[in-house]
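All of the numbers you see were taken from the coordinates with simple rules; none came from a lab. In this text the structure is predicted, and so the values were computed from the model without any measurement. Here the Cβ positions follow ideal geometry from the backbone for every residue, glycine too, while neighbour counts run over all protein chains shown.
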């Protein structure tokens, strides 16, 4: 929130671009985010309700539990499949903007946990857009911008306070078509079927490869980065073990209950069954405590992070002149 407030506060009132913001929020939260952000912005701020015509100089904010998607000249809030275990998801917005506006899109990733936004930024770059990230050294939570730096050829890695003026400058330049100037190497998405199932719905997962970036997607559209799929599957494993404990302890209670009401010759067998099931449930509880803490590698060593070039830290380069669609 503090980063978004700083970002919006510094945007000029005459910004010749539309701005789209995705912030991860709780599904049942109210939409107070719009009101909070509007207090810090000279531009009008709203959350689209149904198809809304995109206006220049307007800020559109994702609604709770809805993806924010650009569709031609309109922006909409959509109840689509979760991506990286979130709805709204940054990747969904980035992909939709890149699809319709190509080289006129500027993707911006600010402070945040894990890696939502990396695959979407890859799509923006694939279609000729510009990639901007907050310098991880300047970010309260450096994981999201660092993930983009590791997997995508970033154009600008700058301090948070420098991003609004950078976007203003870029959006006042003419768009240059980059179709014939950018190599397609590293921008080919490949997919192959796996024997894995989606942690969300149980459907089959495809393994996606975006250049050097890995991802997973199921039949209905639940999409995962490597970090989110590891976290989701870890939670699924734990949930399965808890379900087993519930079933075993209920089975033990049932056997004990029946031991006192059936023929006497069956009572010892039922009591033994109850004891065995409780012992097994106890062992599974111990197994849960012994589970490894599966946390995907969310931060590379600082020494391995690619150093931003002078051009990335400096003024906007002349090779990219375009209007901005930022998130």
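When the Cα gyration tensor is reduced to axis lengths a ≥ b ≥ c, the ratio a/c is 1.5 or higher for segment 69-160, and with a/b not above b/c it is classed as oblate.
With R₀ fixed at 56 Å, the C-beta to C-beta distance from residue 220 to residue 263 puts the FRET efficiency at about 0.60.
Kirkwood radius for segment 14-110, taken over all pairs of different Cα atoms as the inverse mean of 1/r, rounds to 13.5 Å. What is the Cα centroid distance between segment 238-280 and segment 5-47, reported in whole angstrom? Taking the Cα centre of each part, segment 238-280 and segment 5-47 sit 56 Å apart. The gain in end-to-end length when the residue 271 to residue 35 segment is fully stretched comes to 78.7 nm, 0.36 nm per residue minus the alpha carbon separation.
The Rg/Rh ratio for segment 193-264, using Cα coordinates for both the radius of gyration and the Kirkwood hydrodynamic radius, is 1.33. Using 1/(1 + (r/R0)^6) with R0 = 35 angstrom and r between the beta carbons of residue 49 and residue 246, what's the FRET efficiency to the nearest 0.05? E between residue 49 and residue 246, to the nearest 0.05, is 0.25. Taking the DSSP bridge list for segment 108-251 and keeping only pairs wholly inside it, about 75 percent are antiparallel.
Between residue 162 and residue 201, the contour length at 0.36 nm per residue exceeds the alpha carbon distance by 9.9 nm. Rg ratio for segment 1-63: its Cα radius of gyration over 2.2 N^0.38 Å, N being its residue count, equals 1.07. Between residue 237 and residue 192, the contour length at 0.36 nm per residue exceeds the alpha carbon distance by 13.8 nm. Post the alpha-carbon centroid distance, segment 197-233 to segment 82-121, in whole angstrom. Their Cα centres are 16 Å away from one another.
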